[in-house]
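Heads up, the thing below is written out as structure tokens.
We did not get these values from a lab; they are worked out from the coordinates using the rules stated. As the structure is a computational prediction, the values presented were derived from the model and not from experiment. Glycine also receives a Cβ, built like all others from the backbone with ideal geometry; neighbour counts cover every protein chain displayed.
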Amino acid sequence: MMHELPLLSLAIWLPIIAGIAVLLTGGDRDARVARVIALIGAVMGFVVTLPLYAGFDIHQRDFQFVEIKTWIETFGVYYHLGIDGISLLLILLNSLTTVIVVIAGWTVIQTRVAQYMAAFLVLSGLMNGVFAAQDALLFYVFFEATLIPMFIIIGVWGGPNRVYAALKFFLYTLMGSLLTLVALIYLYNAAGGSFAMRDLYQLALPFDLQVLVFMAFFVAFAVKVPMWPVHTWLPDAHVEAPTGGSVVLAAIMLKLGAYGFLRLSLPIVPDASIYLAPMMIGLSLIAVIYIGLVALVQSDMKKLIAYSSISHMGFVTMGIFLFNTQGVEGAIIQMISHGFVSGGLFLCVGVLYDQMHSRQISDYGGVAKRMPVFAALFMLFAMANSGLPGTSGFVGEFLVIMGATQVNFWFAFSAAITLIFGAAYTLWMYKRVVFGDVVNPQVDALVDVNAREFLALGLFAILVLVMGLWPQPFANLIHTSVSELLAHVSYSKLPLPAQ
Amino acid sequence: MEYITPLWPAYPELFLLVMAGLILILDLFISDDHRVFTYALTQFTLLGCAALTFLTSNAEPIYTFNGMFVDDLMADVLKLLTCVVVIAVLAYSRAYVSARGMFRGEFFTLTLFATLGMMVMISANHLLTLYMGLELLSLCLYAMVALQRDSLQSTEAAMKYFVLGALASGMLLYGMSMIYGATGSLEITEIAQRAADGDYLSAVMVFGLVFVVAGLGFKLGAVPFHMWVPDIYQGAPTAVTLLIGSAPKFAAFAIVMRLLAQALGDDILVDQWRQMLLIMAVLSMAIGNLTAIMQTNLKRMLAYSAISHMGFMLLGVLSGTTEGYGSSMFYVVVYVLMSLGAFGVILLLSRDGFEAENLDDYKGLNQRNPWYAFLMLLVMFSMAGVPPMVGFYAKLLVLQSVVEIGLWWLAVIAVIFSLVGAFYYLRIVKLMYFDEPQTQVVLKPTFEVRALLSVNGLAMLILGIAPQPLMVFCIEAVRASI
């Protein structure tokens, strides 16, 4: 292949440099300049990821676009980047979402614009770093560093209870990842002084140590996903975060956790992963069913979507721990789809909130009469969230349920039931907000989406439809990577039992 | 031993001594209006001292003054850093001390003599040299804490510092005398030789070891010998707190290395002091971090943070490996940089008759001046150990050194307490970024402070993105010396 440009480095550093450039524009006097630079940076950040897609060889089992440079020589750490199909999809999703977030925050954010835009750009670069890192320490550094911009985003531009939400978000996720750090250091020593993921994959650990390492990873990634019962930070963070923050949080940040399971837990400690799979599936099912029920009774739209996110991420973790092709592919498709759908839903709530300054479902009713275009788009996302065939939400959940039937009928049965819950809470909310008569005079004064909002929502809407109607290209991208991953898991690292 | 003692390894100290004496006399003839001359001369002296240290550095240890003084790579690196840090301390403090009537000759000569004390400690190869350096440093610092004679708080702090410091020195001295009794030598290389040969009285040695560790614990400010730290940090004028909280940590680290790693670094003895350090480290991390949460005074909070950082630093020492010592040195260097930055911001925010030491004084700093808020944010995240700041790598290295010797549970304890610590560092960020400012006073620092603080703050990020050079420096320095 002919790739002179270090495309992955560009995907990471271009947004970060753009973020610094935006910061340098200074205060709010030049807000317009800051916005324009931010948009240029975000678009460029997305454009540099396109050659990744174009040049990606879907049949190659190895990581592609590899870049290796010595980073910390004394410690044997490398600046080692490379992607497979799974990373590629997430990087594309991330870079695109950043563009949408910049557009969505264009006029909504009026205070400290430069800092707002810069935080999102830097965050985008860091998350691309997580998806591209092939060195466990590099992965960890990017993984942790994402906390800083998100903390600022929630805390500065968030709602009334933002300080509590920001601190809870930061400390909760930091707690998880610190134990992972100890596990990584342990693995580093066990691997004879290497953080390279391919070395860690080769590491044959005894069973009890595998379980310990798995648990350490579990704490970090389960908090990030979030899985029940460590999900409580998410509703708070979502409700308080500004719209852009919620979109990035739901669309990409939650995926860091699921990605961590795929990239670290499964290949490094396969035996423990298989041994503990029933626990993981159990927790996922609780998330899917119980959190689905919790979502049903929410009176705050953002909180409802937040709980719905947890419930949908339950499908992702369940799919991963089924260890069959449909399950894992379904999980990954679900991750991407959830990015579009929840991103779209949060944008919809943002559009309403900007005009009404309320997220309470009871304050609305009859929105369709005043905002027909908006109602149509909102409808699409609501349907996708319910898992309607023809939308992206259907594909992932369907694959996961298919995968589950191969493992245990009751897993599949329980998961399938929740499609009903999903439809119930989403459509009920939709009905109460959009249909009915206009009773609130504020609703009467609503104006339909403007071009900017339409663009942001429309991009997500197209993706939801494309992925729902024609999921093949997405599946093709990840197929080889998933089979490679499953090959890692199926091979036990334990010594054969002595006869 | 050579009969004609080469003087050149001690040129930096000699230069510093001569210049300090000169400044002491010259200053008598300088009026208050021209005091800036003393300041410039002091900075020049420190620069010259740093240059001399650099010029006289050498990879192989060189012993001089009949083996009482050693010039090895670790000493060179630490002395160089000490000079640079003291230069930064004086630059940060200038506006603060002149606003409070402390911009006088004493401030500078005491600082120089304290620096001399640190350098002697760093280069000591003899228990008496070590003690002499320590006392020189301590006496200067006692006086400096009390420099604001009319301040009740400062006087009380100085009194406390003196009494507890003297007690600690006494313990250390007692321990040293025991070690002398056990091995029959005061020279560190000689003691190490006897320890390696097993040629010592075991019971007396262990007895002495306990006292030495206690004395070192005092000087480092590790729990349970930490009582003085919060009171002194809070009570001393901020400029002096900055001095106490920065460069002397290098010297304290150096004497820990000289006494524990070099003199008593034999495997049998390492097992003895490891247990004591282990308890001290865990307690320091626990009490330092937990108590810091309750503080409303930033200086006091940073004092407890210093205690917890010393606990972290001890993790590397107690591993007993060369890599572990190197990681501790890296930790100390990083910590001093962070501490310098944090106190630099406090000094920046303090004005005539106003001490910016309450947490509420930091509210809305981002709206008053985004750049300094950003620098403080870098320092705080670095202290919390969040990547990509350099503080993360410092923690990573010491954790690696304890995991390497199989104490992974200790690493788990350490990260749990660093999570607790993250809370109060985050609170500062929260105050600066999420809250509304209480005052609109415009900050007008001089150019040198602006430049220095920017370099200091950005160093957190730059060293975090490229930690390799500093890491190599520390690890190689320790490897070449121990």
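State the answer as a single residue: which of A:A277, B:M176, B:V317 lies farthest towards the positive end of the charge dipole of the protein assembly as shown, with beta carbon charges of +1 for Lys and Arg and -1 for Asp and Glu, about the Cα centre.
A:A277
Dipole size in debye (nearest 20) for the range B:215-316 around its Cα centre, Lys and Arg Cβ +1, Asp and Glu Cβ -1?
For this selection, approximately 320 debye.
Mind sorting B:L349, A:L283, A:L427 by how few other Cβ atoms lie within 10 Å of their own Cβ, fewest first?
Lowest count first: A:L427, A:L283, B:L349.
Need one value for A:72-80: mean number of C-beta atoms belonging to other chains within 10 Å of its residues' C-beta atoms.
Average neighbour count from other chains, rounded to a whole number: 4.
Name the residue from B:S123, B:F434, B:V77 whose Cα lies farthest towards the positive end of the charge dipole of the protein assembly as shown, charges +1 on Cβ of Lys and Arg and -1 on Cβ of Asp and Glu.
Of the options given, the answer is B:F434.
Which whole number gives the average, over all residues in A:173-181, of C-beta atoms from other chains lying within 10 Å of the residue C-beta?
For peptide A:173-181, the averaged partner shielding equals 5.
With axes computed from alpha carbons, what is the tilt in degrees of helix A:451-469 against the longest principal axis of chain A, rounded to the nearest 10 within 0 to 90?
50 degrees
Give the long-range amide H neighbours of B:I62: residues separated by 5 or more places, or on another chain, with amide H under 5 Å away, using H modelled in the peptide plane at 1.01 Å from N.
B:D71, B:D72
Karplus couplings for the range B:24-37 from phi (6.51 cos²θ - 1.76 cosθ + 1.60, θ = phi - 60°), rounded to Hz, Gly and Pro as x?
4, 6, 4, 4, 4, 9, 10, 7, 4, 5, 9, 4, 4, 5
With the Cα gyration tensor of the range B:82-149 in hand, give its eigenvalues times 5 under a square root as the equivalent ellipsoid semi-axes, listed largest first in whole angstrom.
Rounded to whole Å, the semi-axes are 25, 13, 7.
Charges at C-beta only: +1 for Lys and Arg, -1 for Asp and Glu. How large is the resulting dipole of chain A about its Cα centre, in Debye rounded to 20?
Once rounded to the nearest 20, the dipole reads 740 debye.
Write down Rg/Rh for the range A:1-98, rounded to two decimals, with Rg from the C-alpha atoms and Rh from the Kirkwood relation over Cα pairs.
1.06
Ranked highest first by average number of other Cβ atoms within 10 Å, how do B:270-279, B:443-452 line up? Don't jump to the answer; show the numbers that get you there.
Working: B:270-279: 17.1, B:443-452: 14.3.
Sorting B:270-279, B:443-452 by mean packing, highest first, produces B:270-279, B:443-452.
Using only the alpha carbon atoms of chain B, find the Kirkwood hydrodynamic radius as the inverse mean reciprocal pair distance, in angstroms to one decimal.
Result for chain B, one decimal place: 22.4 Å.
When the convex hull of the C-alpha atoms of the protein assembly as shown is computed, what volume per residue in Å³ does it have?
170 Å³
Would you mind computing, in nm to one decimal, how far apart the modelled labels at A:N189 and A:V33 are, each placed 7 Å from Cα along Cα→Cβ?
5.3 nm
Hey, rough spin-label estimate for A:W410 and B:F37, points 7 angstrom out along Cα→Cβ, what's it come to in nanometres?
Rounded to a tenth, the inter-label distance reads 9.2 nm.
How large is the dipole of the range B:278-482 about the Cα centre if only Lys and Arg carry +1 and Asp and Glu carry -1, each at its Cβ, rounded to the nearest 20 debye? It would help to have the intermediate numbers written out before the result.
On the way: 11 positive and 11 negative charges, 28 e Å.
Magnitude of the dipole: close to 140 debye.
Place +1 on the Cβ of every Lys and Arg and -1 on the Cβ of every Asp and Glu in the protein assembly as shown, take the dipole about the Cα centre, and give the residue among A:V122, B:G344, A:H231 whose Cα lies farthest towards its positive end.
It is A:H231.
State the Cα centre-to-centre distance between the range A:302-368 and the range B:80-119 in whole Å.
Each part's Cα centre sits 58 Å from the other's.
Return the FRET efficiency for the residue pair A:K431, A:Q202: r is the Cβ-Cβ distance, R0 is 51 Å, and the value is rounded to the nearest 0.05.
Between A:K431 and A:Q202 the formula returns 0.40.
Using a 10 Å cut-off around each Cβ of peptide A:182-189, what is the average number of partner chain Cβ atoms that fall inside?
6
Test of understanding: ordering B:R368, A:R32 by Cβ neighbours within 10 Å, fewest first, what list do you get?
A:R32, B:R368
Mind sorting A:M215, B:M380 by how few other Cβ atoms lie within 10 Å of their own Cβ, fewest first?
Ascending Cβ contact count within 10 Å gives the list A:M215, B:M380.
According to the Kirkwood expression over distinct Cα-Cα pairs, how big is the hydrodynamic radius of the range A:362-413, in Å?
Values: mean 1/r = 0.0769 Å⁻¹.
Here the Kirkwood hydrodynamic radius works out to 13.0 Å.
Could you give me the percent of Cα pairs per 10 Å distance bin for chain A, shortest bin first, beginning at zero and ending with the bin that holds the maximum distance?
Pairs per bin, as whole percents: 4, 21, 32, 27, 12, 3, 1, 0.
Using alpha carbons only, how many degrees (0 to 90, rounded to 10) separate the axis of helix A:113-132 from the longest principal axis of chain A?
Approximately 30 degrees, to the nearest ten.
What FRET efficiency would be calculated for the residue pair A:W470, A:N324, taking the C-beta separation as r and a Förster radius of 30 Å, to the nearest 0.05?
0.80
Hey, what D do you get for the range A:262-364 in µm²/s if you plug the Kirkwood alpha-carbon radius into Stokes-Einstein at 37 °C and 0.692 mPa s?
Value of D from the Cα-based Kirkwood radius: 219 µm²/s.
Based on the Kirkwood radius over alpha-carbon pairs, what is the Stokes-Einstein translational diffusion coefficient of the range B:278-482 at 25 °C with 0.890 mPa s viscosity, in µm²/s?
Working: Rh = 17.3 Å.
Calculated translational D: 142 µm²/s.
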